[in-house]
1. Averaged per residue, what accessible area in Å² does the chain show with a 1.4 Å probe, protein chains only?
2. Could you work out how much longer the chain between Ala392 and Asp321 gets when fully extended? Use 0.36 nm per residue separation minus the Cα distance between them, nm to one decimal.
3. For the range 472-546, how big is Rg over Rh, using alpha carbon atoms and the Kirkwood form of Rh?
4. Stretched out fully, how many nm does the piece from Ala179 to Asp593 gain, at 0.36 nm a residue minus the Cα gap?
5. Taking the simple approach of a point 7 Å from Cα along Cα-to-Cβ for both Thr12 and Ala660, what is their distance in nm?
6. Rg and Dmax of the range 252-386, using alpha carbons, in Å: what are they?
7. Accessible area of the chain with a 1.4 Å probe: how many percent of it is carbon plus sulfur?
8. Once the Cα gyration tensor of the range 306-353 is found, what semi-axes does its equivalent ellipsoid get, as square roots of 5 times the eigenvalues, in whole Å, sorted largest first?
Amino acid sequence: MGETIELNQTATCVEHILAHTGAAVILAAPLGLGKPNALINALYRRIAADADLTLTMHTALSLALPSAAGDLQQRFLRPFLDRHFGADYESLDHVAAMRADRLPANIRVHEFYLQSGAMLHSACAQQDYTSLNYTQVARRLAEAGINVVVQLVARRGDRISLSCNPDVTLDLLDRIHEAGGRRPLLVGVVNDQLPFLGGDADVPVQLFDVLVDDAGKPQRLFAIPREDVDEVEHAIGLHASTLVRDGGTLQIGIGALSDALVHALLLRHRRSGEYAAAIASLNEDAAASAASAACGGLDPFVVGLNGSSEMVMDGFMHLRDAGILVRCVYEDAPLQQAIDASLIASTLRPGDAQRLFAVHMLPRRVDAAECARLVRLGLLPTDTRCDGDEVALGDGRRFGSDLDDADNLAKLDVIMSGRALRGGTWLQGGFVLGSTRLYEWLHALAGEDHAGLSMQRISSINELTRGAEALGRIQRRDARFFNTCMIATALGAAASDALADGRLVSGVGGQYNFVALSHALDDARSILMLRATRNENSGVVSNIRWNYGHTTIPRHLRDIFVTEYGIADLRGRTDQECVIAMLSIADGRFVDDLVTAAQQAKKLPGDFQVPQRWRRNTPDGVRQRLAEAKRAGSLPDYPFGSDFDAIERRLMPALLWLRAHSSHPAGWPALAWAILTPRGTHADALARMGLAAPRGWRESLLSRLLRAALDATS
């Protein structure tokens, strides 16, 4: 680290980067929110215009605004996007170029995680994708010869926060240093909208070679619109929530299934009667109840949960505000063990010194190093120091450093009594992505709430850190790692990132890390959530298959799967037991075909009979089971609010219905009937879409189509 150059113009920074790198720029940028869009675009345009320069970018999750597939979608999206993101939101140029397969010849982009489904038809994105576990990224980047890193940051005086993305940057710098490589140019772009978050994210200004503070053009943060949650998703969330153990550790991702899980946990904690009734209505299968009893529970949280998740998203905000995310962990194994054994609480009581000394959390002698440790943990005041054979406090009190002496231990006990522990974290995260409300909430955190959210390197979150395995195991007690997958096989493998033909939908990210971690920790479980079916142009298909052409999680790491129909606990089970468990949570319309495939593979006996209750696993069955909870308001469509207004919320299902019924001949009769038998005027919705007074035959047709779709979904 040396002197930091401070600039106030993006164009000047581009020339500074080129002066450092020379003609070949090998750039790394954080995934998701932490990309400085304006700087990346300026560098992209400068290099695209000069054939003597090259740019190789390594990144992930390049966020892009939704694109419209047709006129109606455009009419719906444009006003919403302008309102939600701002009409002047600067999108990333390279994303649009990749989607169109029009990257300049002197520019390549390697991503290890793609925005879900965005690049299925992009040849350059599919060909230049790098398949990595999250924890492998820093090593790969170090090997790639990165010569510049660019990142959005927050600033407070002489401190910088990597804020939303401490995930890979620090590990990358360490890898390069350990290999004796040349340190890349580290460029930070200051953004006042980013919250200043602590932990590993809090670094000195001098870490950066260049800081750009273009105060006149702050980048608006990419805020994910809050999603609706339907009955199927609520059912999955309810089942999954029963696997969480009070006093344990929680990791969750993003999306409607994660929102459903969080809502169910809130319902369990705040409205336990309604929660128990909803669970009872779902659980026809004794296996689900058995898994819940063995792994989790149904009662409100008393001890609370700790969060350890690569992603910090809205759900953690809601769990913290509800008083669920309150279990703190400490960077000290003996102290953590004493807390977990209920020897002490977060506020120290008389007699705690003797209790801690008996379990060797307190040393026999307080030397300078132990004095600093006790101060760091809050057992002694910050102005405490060692003075010969005594420990001296700023207020003049003293005690002997030899704690084998009962009098010295008693004096320490008086000093400790009433003190609050320091340094506890209620959430350890690797990166932030969520709604505008989440970013505002993070900005407003103060005191213990702020200090207890520790943003860390991904190597500290997604695996047991070398040299600190024992502490990592203690902190992550009863961990429940929740992730989603697209396809599961009846033998327990999962596909989460790619289609059967190998095309990437998203990426592995940290999913494999957490699955492996769940098997490395004695009391942890990996839970993969998925919808039992999905709609394709050909109709409804099962997401539980006998076999699939791509695997993200191999079957030898199988653990727990959850669908809307229940819980399948596969850990340690035989293949036959696994097949039966997965069949029990499959959609009843596809069970017979799965049984036949299993019998042909010799995994089920030839005389196996399908239980009648499995045939009741249908969407209508789920809706009926949850009907009372829906009527009672326990399972709202938007459990955490919506960024869409009331008219837009009516339009969305209508547009989906129209797309489904117009894209396949099977839907044309229903569409034609709806057009020929109009019922409602829907004036407000037509006005929102600019079709209240259609001009010309095209707008008249769009107006009739939209009215038909609104009739069908109202």
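The values are calculated or read from the model by the stated rules, or taken from the named source; none is laboratory data. Please read all numbers here as calculations on a predicted model, not as lab measurements. Ideal geometry is used to build each Cβ from the backbone, glycine not excepted, and the neighbour counts take in all protein chains shown. With ligands, DNA and RNA removed, areas are computed over all heavy atoms of the protein, side chains included. Shrake-Rupley method; radii C 1.70, N 1.55, O 1.52, S 1.80 Å.
1. 41 Å²
2. 21.6 nm
3. 1.05
4. 143.6 nm
5. It works out to 5.6 nm between the two label points.
6. Rg then Dmax for the range 252-386, in Å: 20.1, 64.
7. 51 percent
8. The equivalent ellipsoid of the range 306-353 has semi-axes of 27, 13, 7 Å.
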